[in-house]
Amino acid sequence: QNYLDNFWPDLKAAHELFDSILQARRERESESQENNGKEYPEHLPVEILEAGIKSGRYIQGTLNVNKHRAQLEAFVRLEGFGSKETG
């Protein structure tokens, strides 16, 4: 804010962009506080997930995503299975 005020006081577009970014940041911080510091809200409560894993309804694993082709390549490595058995 100080930089824009001191060096670019007449550059309206930059001031509007700064205000927009500041507002978005405040909204994100507000949402984070509402979600107890979590960036994304939980889909299901932890208790339901744990019960589902125990009953076999859900499976637990690690998601691995190709960083170079993230939208095309990913797989889940299931816990308790060998590295050859992935889904």
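The values are calculated or read from the model by the stated rules, or taken from the named source; none is laboratory data. The shown structure was predicted, so the numbers you read here are calculated from the model rather than taken from an experiment. Note: ideal-geometry Cβ built from the backbone for every residue, glycine included; neighbour counts use all protein chains shown. For accessibility, only protein heavy atoms count, side chains too; no ligands or nucleic acids. Shrake-Rupley method; radii C 1.70, N 1.55, O 1.52, S 1.80 Å.
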The extension gain from Gln60 to Asn6, computed as 0.36 nm times the residue separation minus the Cα-Cα distance, is 14.0 nm
Of the residues Thr62, Leu17, Gln33, the Cα lying farthest along the dipole of region 1-78 towards its positive end, which is defined by charges on the beta carbon of Lys, Arg, Asp and Glu, belongs to Thr62
Which residues qualify? For Tyr58, with a placed amide H closer than 5 Å and at least 5 residues away or on another chain, they are Ile53
Carbon and sulfur atoms account, in whole percent of the 1.4 Å probe accessible area of region 1-78, for 53
Contact order relative to length for region 1-78, counting C-alpha pairs under 8 Å separated by 6 or more residues, stands in percent at 14
